[in-house]
Amino acid sequence: MNIDLEIFSPVHQINDKLFDEQGLTVFIKRDDLIHPIISGNKWRKLKYILKKAQAENKTHLVTFGGAYSNHLLALAAAAAKFGFTSTGIVRGEPVDNDTLFLCRLHGMELLFTDRDSYHDKQALFEKHFGGTPNAFFVDEGGAGPEGAKGCSELVDELTQQYDHIFCACGTGTTAAGIINGLQQHKLNTQFNAVPVLKNGSFMADEINNLLIHTVNYKLHTNYHFGGYGKTTPELIAFIKKFTASTGILIEPVYTGKMLYAIYDMAAKKYFKRGSKILAIHSGGIWGLLGMKDKF
Ligand SMILES: *Cc1c(COP(=O)(O)O)cnc(C)c1O
């Protein structure tokens, strides 16, 4: 089976009085529309991982994540679509929630593990699948060089040049891939990474490890809103207003923080007048299901 998806990821303009006042044109690349479940950067990251598994004749994918992980769900659906079986090793006490329901529906077997053993993923893989020759290890979040390679292809799809590109960062794999793509196309675009974790300056090491050439980019570490998965009433209010005025769903863990950064920086006159800005909608809207109580 050929492991590929036809990419549908149009670029839409975001209209807002703030951007008019500042003389900015802001666009959003809709990677969230690539697939309803294998959405956004998760498909781009999984593509070459799945191809590698297939080339090695592996038929069972084993991966890791928290109970609300977009990666677990994307992998469950991608495995089902491309003829693999799958196991998700989930951090924490056995629970059930909407994300895990959807994982199971796609045929994923779930194994729960305590937080201590979760730290050593290779050991967990050995313990449960050491004797299973067709099992294939997929790192949490699809991190690594195959993931970055898939994400670099986003840049091949761009039909105009931007002064700025913005992307939310968890592991930094998506950011690194896009930076590599910009470099390959010799584009003079400022890349802006928005870490969604606290103390995000460590993200530079994660990104730099996956870069093909050393390149300058910007890390905006002040938009974590308290840390991974944390929110504030201000962030939630922003998300509600954004979605109600654009018709584009975003969520608080990744895309909400990245878009908030663009609006905040525009209000603070960070951008030169006339700048063209592209936000990457990296998908993940199912994450909203775990955060309904915040709204
Ligand atoms: C997983 C995820 C990210 C983080 O991507 P990294 O490559 O780990 O930095 C960003 N946005 C969304 C919507 C995600 O689900």
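For the chain, with every protein chain kept in place, what is the accessible area per residue (1.4 Å probe, Å²)?
Per-residue value: 45 Å².
Order Asp31, Asp116, most accessible first, counting only protein heavy atoms with a 1.4 angstrom probe.
Reading off the accessible areas and sorting them downward yields Asp116, Asp31.
Beyond 19 Å between alpha-carbons counts as too far, so tell me which of Lys218/Lys272; Lys47/Lys81; Lys240/Lys294; Lys47/Lys218; Lys52/Lys81; Lys241/Lys294 fall in that bin.
Pairs exceeding 19 Å: Lys47/Lys218.
What nm distance separates the two modelled labels at Lys198 and Glu93, each placed 7 Å from Cα along Cα→Cβ?
A separation of 2.3 nm, rounded to one decimal place.
What nm value, rounded to one decimal, do you get for the distance between Arg273 and Asn2 when each label is placed 7 Å out toward the C-beta?
5.0
Evaluate the charge dipole of the stretch 245-292 about its Cα centre and quote only its size in Debye, nearest 20, assuming +1 on the Cβ of each Lys and Arg and -1 on the Cβ of each Asp and Glu.
That gives the stretch 245-292 a dipole magnitude of about 320 debye.
Defining a contact as two alpha carbons under 8 Å apart and six or more residues distant in sequence, what relative contact order in percent does the chain show?
23
Quick one: grab the alpha carbon gyration tensor of the stretch 41-142, order the square roots of its eigenvalues as a ≥ b ≥ c, and give me rounded if a/c is under 1.5, else prolate or oblate depending on whether a/b is larger than b/c.
Oblate is the answer for the stretch 41-142, as a/c is 1.5 or above yet b/c matches or exceeds a/b.
Put Lys257, Lys269 in order of accessible area, largest first, 1.4 Å probe: what do you get?
Sorted by accessible area, descending: Lys269, Lys257.
What is the calculated FRET efficiency for Glu153 to Asn222, with r their C-beta to C-beta distance and R₀ = 35 Å, to the nearest 0.05?
Taking R0 as 35 Å, the efficiency between Glu153 and Asn222 is 0.70.
About its Cα centre, how strong a charge dipole does the stretch 41-142 have in debye, to the nearest 20, once Lys and Arg get +1 and Asp and Glu get -1 at the Cβ?
The calculation lands at about 600 debye.
Please state the relative contact order of the stretch 196-237 as a whole percent: Cα pairs under 8 Å, 6+ residues apart?
53
Please report, in debye to the nearest 20, how large the charge dipole of the chain is about its Cα centre when each Lys and Arg carries +1 at its beta carbon and each Asp and Glu carries -1 there.
Computed charge dipole of the chain: roughly 620 debye.
Taking a 18 Å limit on the Cα-Cα distance, which of the listed pairs Lys51/Lys149; Lys42/Lys292; Lys45/Lys230 fall beyond it?
Lys42/Lys292; Lys45/Lys230
For the stretch 41-142, what is the relative contact order in percent, using Cα pairs closer than 8 Å and at least 6 residues apart in sequence?
Dividing the mean separation by the residue count of the stretch 41-142 yields 37 percent.
Would you tell me the accessible area of His213, worked out with a 1.4 angstrom probe on the heavy atoms of the protein chains, in Å² to the nearest 10?
Using a 1.4 Å probe on the heavy atoms, I get roughly 100 Å².
Compare Arg30, Arg115, Arg104, Arg91 by solvent-accessible area with a 1.4 Å probe and give them largest first, with all protein chains kept in place.
From most accessible down to least: Arg115, Arg104, Arg91, Arg30.
Helix 41-55 versus the longest principal axis of the chain: what is the Cα-based angle in degrees, 0 to 90, to the nearest 10?
Taking the Cα atoms of the chain, the angle to 41-55 is about 30 degrees.
The values are calculated or read from the model by the stated rules, or taken from the named source; none is laboratory data. From a predicted model like this one, the values you see are computed outputs, not experimental measurements. When we count neighbours, we look across all protein chains shown, and the Cβ atoms used for this are built from the backbone with ideal geometry, even at glycine. With ligands, DNA and RNA removed, areas are computed over all heavy atoms of the protein, side chains included. Shrake-Rupley method; radii C 1.70, N 1.55, O 1.52, S 1.80 Å.
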